[in-house]
Amino acid sequence: IAAVIWANHSLRASITAMRETLAVIHQEKGLHNVEDKVASVQEIFTLQGMEELKEAEAKYTGSNKTVKGIILAAGQGKELGNLTEKIPKTLLPLHHNTILGSIVEGMNQVNITDITVVRGFQKDMITGDQFRTVDNPDFNTTQDLYSLYLAKDNLTDAVMITYGDNAFRKHVLNSLLESDGDIKIVVDADPSSTKSHDRVICSQPYSNDFFNQDIFVNDIHHSESDAQTHGVWPGILMVEKNKIAVLKEALDILSQQPDFKKLSVVDLIQYLSQKDKVQVVYTKGGWVGVNDLEDFKEASQF
């Protein structure tokens, strides 16, 4: 009798969960806000003991390839006032962790464990055994592209590059890893904020055609709300190993410009989009960026 009761309630609970999940998918016409709330394919394979399918998933998702992580976290974050007077913005609390800790944890969840953090302001506070560090002594007079340039020696394999004041849900990182593109960025097609952001014009707008990956960056720039753009760049870029030489060459060429230390990763993406194809991986939410006090308050709900 006990077994029947357990089976009965498990079945009824699963029906409720399926209804709730399908309602969200139907309402939002996307999977983004349910992906982290359902069992992973890996968990299903583990429960069934299907080793052959586990290997197939690894082959499909590319989880068997080496991907490094670079986190650009040299800035102080003066726009946050007293909060960052003595600690770098990347070490601000985010739930049970810090922003930096959340980024590292997220990368680890998708098997990115070889991580480099570029630090600057209060650099001695940014330490840990989960990453190596590169220092930007000119953090106060340079932008994030210069920080990336300083980490150039770590560009030897496929790499995921992100800002040190953003955190992403696992499915956003997986979408980059699973995408077929060689140089690719995430674009949020449904940003809730009209503040200044890095905005992207793409070759096609977001749609529910989940199989269409032939969407590329036409233009990227920093501006307030712009009806001509198709979304916001959250600050994450991935380059596959076969394009690392292209990335390094771009950094070398841009480093020759007189204003190089004032350039950002946005300028790098714009340059790459003119020389090569930069694929767009659309998302709707699934990330948080901390650029001011309002963002910091909203991040507590992430």
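The values are calculated or read from the model by the stated rules, or taken from the named source; none is laboratory data. Just so it is clear, the model here is predicted, and its values are computed rather than measured. Glycine also receives a Cβ, built like all others from the backbone with ideal geometry; neighbour counts cover every protein chain displayed. We work out accessible area using only protein heavy atoms, side chains counted, and drop any ligands, DNA or RNA first. Shrake-Rupley method; radii C 1.70, N 1.55, O 1.52, S 1.80 Å.
At a glance:
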read-out	value
Extension gain, Glu79 back to Asp124 (0.36 nm per residue minus Cα-Cα distance, nm)	14.1 nm
Quarter of Cα convex hull surface for region 119-265, i.e. mean projection, nm²	10.2
Cα-based Lys proximity count in region 241-302, under 28 Å, for pairs eight or more positions apart or on separate chains	20
Distance in nm between pseudo-label sites at Asp180 and Thr16 (7 Å out along the Cβ direction from Cα)	4.2
Accessible-area order (highest first, 1.4 angstrom probe) of the listed residues Leu91, Leu268	Leu91, Leu268
Average projection area in nm² (convex hull over Cα atoms of region 58-209, one quarter of hull surface)	10.7
Protection proxy ranking of 176-186, 131-141 - average other beta-carbon atoms within 10 Å, highest first	176-186, 131-141
Placed amide H near Arg199: partners under 5 Å, 5+ positions off or other chain	His221, His222, Ser223, Trp233
